[in-house]
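The values are calculated or read from the model by the stated rules, or taken from the named source; none is laboratory data. The model shown is predicted, which means the values in this text are computed figures rather than measured ones. When we count neighbours, we look across all protein chains shown, and the Cβ atoms used for this are built from the backbone with ideal geometry, even at glycine.
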Amino acid sequence: MNHFQRKRGELCCEDVPLSELAEEVGTPAYVYSQATLLRHARVFKSALRGLDILACFAVKSAPNLALLSLFAKEGFGFDIVSGGELFRALEAGGEAKKMVFSGVGKREDELQAALQAGILQFNCESEEELHQLSRAAVRRRSLAEVALRVNPDVDAKTHPYIATALASSKFGVPAARARKAYRLAASLPGLKIAGVACHIGSQIREVKPFVEAAGKLRELVLSLRADGHAIHRLDMGGGLGVPYGDGDAPASPQEYGEALVRALDGLDVKVLLEPGRLLVANAGVLLSRVLLRKEGQRRRQFVVVDAGMNDLLRPALYQAHHEIEPVGRPRRGAEIVDVVGPVCESADVLAKRRRLPPLHSGDLLVLRTAGAYGMAMASQYNARPRPAEVLVQGRSWRIIRARETYKDLIRGEST
């Protein structure tokens, strides 16, 4: 569910017409609905009743301070993958004792910052990283609580770039080496074994891969306990998909929650979960304006808009689908067009061969379900300032990230 609906023919975010926002803040701009964000956060937690959970929002999906602050106030922890994300989460009011540091490569300064902050858990992804973290903890005279991210070799049936649990993945420790790796962790100074972790991928539509992973990790937890390790946390990662309008609807949070409750019943662990896309994707849109139309070879029609792949990378990177619709009352009729951006790359195509109402120069349109991995991946490629971000609450709204200026493009540089 989301709060982007038409009122008197015009698309609004909650009670604010998107045309009003375009007039005030310009385009392109990311627009988020606070009501949608809060509803998704609460539905997710409710779906996991029956398990002792800590939900840690995946900062990488939408790192704006205002959005992180909303989740912190809802009691969420944070899943971080860099020192910068640690800094952002702390600045937004997040509690260090609710933070999990994931990621396949962590620098010494990042480890030291996380140790100093006193985060809940480090998810280590290799034996070498255990040694690295041990050295860092000893230098600080600290005790780092660790879980090993184990690769359960589960096919999540998602895009290869966001599948993370196959044997060929760079992530995690192979399941066959897990018990040996835990013996190593137990022998290293400065480390305290706390749990087991996994993350099988992103935009997963079915519950079955999660159940398969949970079953494998359940057996591993029992084996590790038999080996003498005190395992009291199980980090199941995130990955439940959202509807982008490009296929069958994914499983609901309720189905996901019920499946995990059954799979982990009686295991006596605190279950850590790392939702990201699920909470923010359809709580945000990318608001853009049509610059012009052009006709290509064989009468192929292009609609050129002021948002490009530097603003929304997902279509170029993942061949991702985003529903597109005009902000104003749609004109009668339909046409097949490619919606493209102004970036000097052939990959700068936001939508290919899409059936849309007729669009003219100056029209506003939105790319739906753009709240996750939209602004998070935005860049200044082609010396294009990154867009503004706006948060709407009812009839009020506020800019939560100012549009960059040309001077921002050269900040920190010298001739």
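Taken as a whole, the stretch 340-352 holds at least one residue that is free of Cβ contacts under 8 Å to residues at least 60 places away in the same chain and hydroxyl-bearing (Ser, Thr, Tyr).
Condition check ((1) surrounded by fewer than 19 Cβ atoms within 10 Å (Cβ to Cβ); (2) at positive phi; (3) in a helix (DSSP H, G or I)) across all residues:
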{"residue": "ARG42", "(1), (2), (3)": "yes, no, yes"}
{"residue": "LYS60", "(1), (2), (3)": "no, no, yes"}
{"residue": "PRO63", "(1), (2), (3)": "no, no, no"}
{"residue": "ALA66", "(1), (2), (3)": "yes, no, yes"}
{"residue": "ASP79", "(1), (2), (3)": "no, no, no"}
{"residue": "GLU85", "(1), (2), (3)": "no, no, yes"}
{"residue": "GLY93", "(1), (2), (3)": "yes, yes, no"}
{"residue": "ALA136", "(1), (2), (3)": "no, no, yes"}
{"residue": "ARG149", "(1), (2), (3)": "no, no, no"}
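Remark: pairs (first residue in the stretch 97-110, more than 19 Å from ARG135 (Cα to Cα); second residue assigned to a helix (DSSP H, G or I) and of a type in the set (A, V, I, L, M); Cβ separation under 6 Å; 6+ apart in sequence or on different chains) are absent.
When the stretch 332-370 is filtered for residues that are touching a Phe, Trp or Tyr at 6+ places or on another chain (Cβ under 6 Å) and not hydrophobic (A, V, I, L, M, F, W, C), the ones remaining, listed by number, are ASP338, THR369. Which of the residues spanning the stretch 1-27 are part of a loop (DSSP other than H, G, I, E, B) and more than 24 Å from HIS40 (Cα to Cα)? Of everything in the stretch 1-27, those that are part of a loop (DSSP other than H, G, I, E, B) and more than 24 Å from HIS40 (Cα to Cα) turn out to be ARG8, GLY9, GLY26, THR27. Per the listing LEU279, LEU317, the residue uniquely surrounded by 19 or more Cβ atoms within 10 Å (Cβ to Cβ), under 26 Å from MET375 (Cα atoms) and under 22 Å from the mean Cα position of the chain (by Cα) is LEU279.
Filtered by the rule that a residue be surrounded by 17 or more Cβ atoms within 10 Å (Cβ to Cβ) and either in a loop (DSSP other than H, G, I, E, B) or of a type in the set (D, E, K, R) (or both), the stretch 358-376 gives LEU359, ASP363, ARG368, THR369, ALA370, GLY371, ALA372, TYR373, GLY374. Considered as a group, the residues in the stretch 117-132 that are of a type outside the set (Gly, Ala, Ser), over 13 Å from MET99 (Cα atoms) and without any contact (Cβ under 8 Å) to a residue 60 or more places away in the chain include one that is surrounded by the fewest Cβ atoms within 10 Å (Cβ to Cβ), and that residue is GLU128. Any idea which residue in the stretch 307-326 is nearest to ARG289 (Cα to Cα), counting only those that are hydrophobic (A, V, I, L, M, F, W, C) and in a helix (DSSP H, G or I)? Among them, the one singled out is ALA316. For the stretch 1-11, the count of residues that are acidic (Asp, Glu), within 27 Å of HIS199 (Cα to Cα) and modelled with pLDDT of 95 or more is zero.
The residues on offer are ARG329, ARG289, and the sole one that is more than 26 Å from ALA249 (Cα to Cα), assigned to a strand (DSSP E or B) and at pLDDT 95 or above is ARG289. Evaluating ILE119 against the criteria (1) outside any strand (DSSP E or B); (2) in contact with a Leu (Cβ under 9 Å, 6 or more places away or on another chain); (3) not assigned by TED's automatic domain parsing to the domain that holds SER169 leaves one unmet condition, (3). Among the residues making up the stretch 332-342, a single one is surrounded by 19 or more Cβ atoms within 10 Å (Cβ to Cβ) and in a loop (DSSP other than H, G, I, E, B): GLY341. Filter the stretch 196-246 down to the residues that are free of Cβ contacts under 8 Å to residues at least 60 places away in the same chain, part of a loop (DSSP other than H, G, I, E, B) and either of a type in the set (Lys, Arg) or surrounded by fewer than 23 Cβ atoms within 10 Å (Cβ to Cβ) (or both) and list them by number. Residues satisfying the conditions are ARG205, GLU206, VAL207, ASP227, GLY228, HIS229, ALA230, ILE231, HIS232.
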